[in-house]
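Peer 1: Attaching a single structure in structure tokens format; questions to follow.
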Amino acid sequence: QLQLVESGGGLVQSGGSLRLSCVASGFTLVDRYNIGWFRQVPGKEREGVSCVSTKSGNTNYVESAKGRFTISRDNAKDAVYLQMNGLNPEDTAIYFCAAVNNMKYYSEDACLRQRTYDYWGRGTPVTDSS
């Protein structure tokens, strides 16, 4: 059973930056799983933020994150990152890492949808202090 752990969240002032990390416990993550980053504000639906395909290397972003957020992979550290720049109050949320084995059918057009993924981390909080 794949276990995902996110880290790197915290409290930042508007315009600041954070880099979130996602790693797997006991399994190889990079190159075996397609990864998505999601965020959720209490009481609201979970929103897809960014995703990356291991086969094509293609990435996708929610419109509000384009130009500010960057998803990347590091084989040596077997980690997936979400670099977040120019943070604003609308970015405040719990951020989750999600994964699906790349042997399964994967549509990049649906990579920002929750149902695409089988495994989820517990989340790391990100707060913009304004």
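Peer 1: Looking only at segment 90-105, count every residue that is in a strand (DSSP E or B) and polar (S, T, N, Q) and tell me the total.
Peer 2: The number of residues fulfilling the criteria is 1.
Peer 1: Here's a check for you: in segment 78-130, which residue that is closer than 18 Å to residue 63 by Cβ and free of Cβ contacts under 8 Å to residues at least 12 places away in the same chain is surrounded by the fewest Cβ atoms within 10 Å (Cβ to Cβ)?
Peer 2: My answer is 109.
Peer 1: Among 32, 68, 39, which is the only one that is in contact (Cβ under 8 Å) with a residue 24 or more places away in the chain and under 20 Å from residue 8 (Cβ atoms)?
Peer 2: Testing whether each residue is in contact (Cβ under 8 Å) with a residue 24 or more places away in the chain and under 20 Å from residue 8 (Cβ atoms) leaves just 39.
Peer 1: Residue 77 passes all but one of (1) out of contact with any strand residue (DSSP E or B) (no Cβ under 7 Å at 6 or more places or on another chain); (2) at positive phi; which number fails?
Peer 2: (2)
Peer 1: May I ask you to list the residues in segment 30-67 that are in a loop (DSSP other than H, G, I, E, B), open to solvent by less than 50 Å² (accessible area, probe 1.4 Å) and in contact with a Gly (Cβ under 9 Å, 6 or more places away or on another chain)? First the steps, then the outcome.
Peer 2: Filtering segment 30-67 for residues in a loop (DSSP other than H, G, I, E, B) gives 30-32, 41-46, 53-58, 62, 66-67.
When the remaining residues are screened for being open to solvent by less than 50 Å² (accessible area, probe 1.4 Å), the result is 30, 53-54, 57, 62.
Within segment 30-67, just 62 meets the criteria.
Peer 1: A further question follows. Is there a residue being modelled with pLDDT under 95 and either within 20 Å of residue 26 (Cβ to Cβ) or assigned to a loop (DSSP other than H, G, I, E, B) (or both) anywhere in segment 108-123? Can you show your working first?
Peer 2: We begin by selecting, within segment 108-123, every residue modelled with pLDDT under 95; these are 108-109.
Add one more test, that the residue is either within 20 Å of residue 26 (Cβ to Cβ) or assigned to a loop (DSSP other than H, G, I, E, B) (or both), and what stays is none.
No, there is no match, as no residue in segment 108-123 is modelled with pLDDT under 95 and either within 20 Å of residue 26 (Cβ to Cβ) or assigned to a loop (DSSP other than H, G, I, E, B) (or both).
Peer 1: Which of the residues belonging to segment 17-27 are assigned to a loop (DSSP other than H, G, I, E, B) and modelled with pLDDT of 95 or more?
Peer 2: To start, the set of residues in segment 17-27 that are assigned to a loop (DSSP other than H, G, I, E, B) comprises 17, 26-27.
Matches in segment 17-27: 17 only.
The values are calculated or read from the model by the stated rules, or taken from the named source; none is laboratory data. This is a predicted model, so every value here is computed, not measured. Here Cβ is always computed from backbone atoms with ideal geometry, including for glycine, and neighbour counts include all displayed protein chains. Heavy atoms of the whole protein, side chains included, go into the accessibility calculation; ligands, DNA and RNA do not. Shrake-Rupley method; radii C 1.70, N 1.55, O 1.52, S 1.80 Å.
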